[in-house]
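S.K.: The structure follows.
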Amino acid sequence: MVVSDRVVVLGAVGVVAGAWWAPPLPALVAAGVVTAAVVVRRPWTAVVAVAVLAAWLGGRAELAANAPVAEGPFAGEVTLVRDPGEASGAVRVEVRAGSRRFDAWARGRAGAAIRPRLAGERLSVRGRVEADVPSWLRHRHVVGRMEITEVIGWRDGDPASRLANGFRRVLERGAGHLAPDSRALFTGFVFGDDRGQSPAVADDFRAAGLTHLLAVSGQNVAFVLAVASPLLARLSLRGRLAATLVLLGFFALVTRFEPSVLRATTMAAIAALSSTVGRPVSAIRTLAAAVVVLVLVDPFLVHSVGFGLSVGAAAGIILLARPIAGVLPGPRPLRAALAVTLAAQLGVAPILVPTFGGLPVASIPANLLAEPVAGVVMMWGLTAGIVAGLVGGPVATLLHLPTQVGLGWVAAVARQAREVPLGELDLPLLAVAAIAGALAMLASREGHTRLARVTAAVVVLAVLVVPALGPHRPPALRSELSGVGELWQVPVPGGRVRVLEVETTASAGRVLEALRRNGVRHLDLLITPSGGSRAAALVHQIGRRVGIARIWAPAEHRLAGATTPDLGVVEAPGGLRLEVRAVRPRLEVVVSLDPPAAG
């Protein structure tokens, strides 16, 4: 049976649809459909078979994720599935106990004992298990929550995880002299670990559309294979294939099998296998085959935003980069780079815009300026970074001078892109741009090259300019920011009075993103109901991003520069009315607007 690229792509679509549907199919039904496909040996039967198989596997995964969990005390050994991170003042990590995964939290001494550990290592712990977890965690095979109250001891994991963790620690040790933000960017670029990144820098990268640089992708895999190519070239054909597969598996282990890593390494493995057997396949066929394999192995990948964005970006580049480059005006290197950026952005837009609210226009120039330098940092980190970690001292400092320059450039691009008020693309504008681009490509095919390039130039300029110059609605007087707090933006002569009553349980990243999306660069008053260390850290992060004229905090607070208001009513410009009802143990302020000002 000859299987065309179209059939493989349809098979990938069927697998994704089946895994998303995930009905409780009987095993006999799935086995019957697969057997019939093997007997009939027709392309359409193969598509139906893999779709039904994915649906059956997805149903089994749903049943396993929703199986009852025994609640109560826990004492035993757990294996860290991911690297520990900070969340809500605690250490949070995904662990495996037996065959089941838990979302584990630890505070105090238990948290301090877990914090330096890495994925694959094993801990003897005591705590308590609860069954209630959100659906998004169940789609990562997490079946319950574990509160760890005591860490009795720990030991290394299996040999593969020890080797991977040792490799990561060598790279981290070599970059130990870098500033915290630069060090977090370095580990993000090289192996996708951005846990140490400050909320302000993370928001810069989100606003600039550069967060993909901190998630390992096909570019990282290509650099790994490029670095290893002199050694791989010395091996026999079969030896080269085996070494390539081992290298890809080890890199996936180092980068923690993130969805984007799985997509990239699986595509590379399929390409290496097809090349070895003398039957090279197209890039779109390789991508579709990788989707089929990965979703059959883990049907829950269809619920992963990271997996969807990775597949979308790869599909966009494969299908659209060359046609877009053909119609863009300008020098060939610039056209090629811009085409890849535009193609990737179009590929991720159907997932990114509905999920995160818009595609930053600044991401287009920011990617053109940052991606080449980030690629150099990745490759340098995988070569000189190892030497720096092994030797240390002044040699490491010298070796990482290019790293510092590259990281500084990318961080500056992200920071400046955030400051440029270019706006965001929504789905209607993207659809119009896509249609106009398609017409330009059609004109190019018909031989109207000049018309195609003029049309393409107009489309690109429109995409860059329209969101910034188009009509903008004035901000709402009062906005309830989910998980962040309450924001007032009241017009007064010469500007607006901005007051934020923040929820001190909110993450700093979420607060900064909400302020950016609402166009807030200055706060006249920041009200924090709590005055503890966590509130102080949150206010500090907000102050790094926006100017704050005054801070109100409860009595006996720990916030530098904050004051505690008197009980009663305070009138503010624009008709704002601030009623202070309590100052201890928490500050309670009711903000309202006088009816005349509201009108």
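S.K.: Report the net charge of residues surrounding LEU359, where surrounding means a beta-carbon distance below 9 angstrom and charges are Lys +1, Arg +1, Asp -1, Glu -1. Before the final figure, lay out the partial values.
M.R.: Values: positive: none; negative: GLU424, ASP426.
Net charge in that neighbourhood comes out at -2.
S.K.: Using only Cα atoms, what Kirkwood radius does the range 72-157 have, in angstroms? Intermediate results must be reported in sequence, preceding the final value.
M.R.: On the way: mean 1/r = 0.0804 Å⁻¹.
Averaging 1/r across every pair of different Cα atoms and inverting gives 12.4 Å.
S.K.: Using Cα-Cα distances under 8 Å and only pairs 6 or more residues apart, what relative contact order does the range 373-512 have, in percent? Mind dumping the intermediate values first?
M.R.: Details: 105 pairs, mean separation 18.4, N = 140.
Averaging sequence separation for qualifying contacts and normalising by length gives 13 percent for the range 373-512.
S.K.: Take every DSSP beta bridge with both residues inside the range 72-157 and express the antiparallel ones as a percent of the total, to the nearest 5.
M.R.: Numbers: 29 of 35 bridges.
Of those bridges, close to 85 percent are antiparallel.
S.K.: Right, something else. Full extension from LEU319 to VAL13: what is 0.36 nm times the residue separation minus their Cα-Cα distance, to one decimal in nm?
M.R.: Working: separation 306, 0.36 × 306 = 110.16 nm, distance 1.60 nm.
Roughly 108.6 nm would be gained on extension.
S.K.: On to the next question. Could you pull out which residues in the range 34-50 have an amide N less than 14 Å from a spot 7 Å beyond the Cα of ARG6, following the Cα-Cβ vector?
M.R.: Answer for this model: 43-44.
S.K.: Taking every DSSP beta bridge with both residues inside the chain, roughly what % is antiparallel (nearest 5)?
M.R.: Values: 54 of 68 bridges.
Approximately 80 percent, going by the DSSP bridge assignments.
S.K.: Then there's this: With a cut-off of 12 Å, note down the residues of the range 196-225 whose backbone N falls inside the zone around a label point 7 Å from the Cα of VAL420 toward its beta carbon.
M.R.: Zone members listed by number: 208-209.
S.K.: Now a separate question. Just tell me the longest site-free run in the chain, where the sites are GluC sites (Glu not before Pro) in a DSSP loop having at most 15 other beta-carbon atoms within 10 Å.
M.R.: Counting only loop sites that pass the neighbour cut-off, the longest clear stretch is 72-445.
S.K.: Relative to a virtual label point 7 Å from the Cα of TRP20 in the Cα→beta-carbon direction, which members of the range 46-88 show backbone nitrogen distances below 16 Å?
M.R.: Answer for the range 46-88: 51-52, 54-56, 58-59.
S.K.: Still on this model: Net charge near PRO554, counting Lys/Arg +1 and Asp/Glu -1 over other residues with Cβ under 11 Å of its Cβ?
M.R.: Numbers: positive: ARG558, ARG584, ARG586; negative: GLU556, GLU588.
That sum, taken over residues with Cβ under 11 Å, equals +1.
S.K.: Follow-up question, since we're still on this one. Using the Kyte-Doolittle scale, which helices in the chain average at least -1.0 and also have C-alpha atoms spread 30 Å or more along the helix axis, with helices defined as whole DSSP H runs?
M.R.: On the way: long enough: 43-65 (33 Å, 1.29); 305-327 (31 Å, 1.76); 332-356 (34 Å, 1.22); 363-391 (39 Å, 1.51).
Once both thresholds are applied, what remains is 43-65, 305-327, 332-356, 363-391.
S.K.: What are the residues whose amide H is under 5 Å from the amide H of LEU523, where those residues sit 5 or more places off or on another chain and H is modelled from the backbone?
M.R.: Hits under the 5 Å cutoff: GLY547, ILE548, ALA549.
S.K.: Right, here's the next one. Over the chain, what is the mean sequence separation of C-alpha contacts under 8 Å (at least six apart), divided by residue count, expressed as relative contact order in percent?
M.R.: Working: 1043 pairs, mean separation 61.4, N = 599.
Relative contact order here is 10 percent.
S.K.: How high is the FRET efficiency from ALA457 to SER229, r the C-beta distance, R0 45 Å, rounded to 0.05? Intermediate values should be presented prior to the final figure.
M.R.: Details: r = 38 Å, r/R0 = 0.85.
E between ALA457 and SER229, to the nearest 0.05, is 0.75.
S.K.: Non-local amide H neighbours of GLU150 (under 5 Å, H modeled in plane, Pro and chain starts lacking H): which ones?
M.R.: ARG126
S.K.: Now, a different point. Run the helix sum for the chain: -39,500 (n - 2.57) per DSSP H stretch of 4+ residues, divided by residue count, reported at 222 nm to the nearest 500 deg cm²/dmol.
M.R.: Working: 22 runs with 338 residues, N = 599.
Per the formula, -18500 deg cm²/dmol.
S.K.: Using only the alpha carbon atoms of the chain, find the Kirkwood hydrodynamic radius as the inverse mean reciprocal pair distance, in angstroms to one decimal.
M.R.: Details: mean 1/r = 0.0370 Å⁻¹.
For the chain, the Kirkwood estimate is 27.1 Å.
S.K.: Next question, about the same structure. Taking every alpha carbon pair in the range 5-65, what does the distance histogram look like in 10 angstrom bins from 0, in percent?
M.R.: 27, 50, 20, 2
FYI, it's all coordinate maths here, none of it is from the lab. This is a predicted model, so every value here is computed, not measured. All Cβ positions, glycine included, derive from the backbone under ideal geometry; neighbour counts span all protein chains shown.
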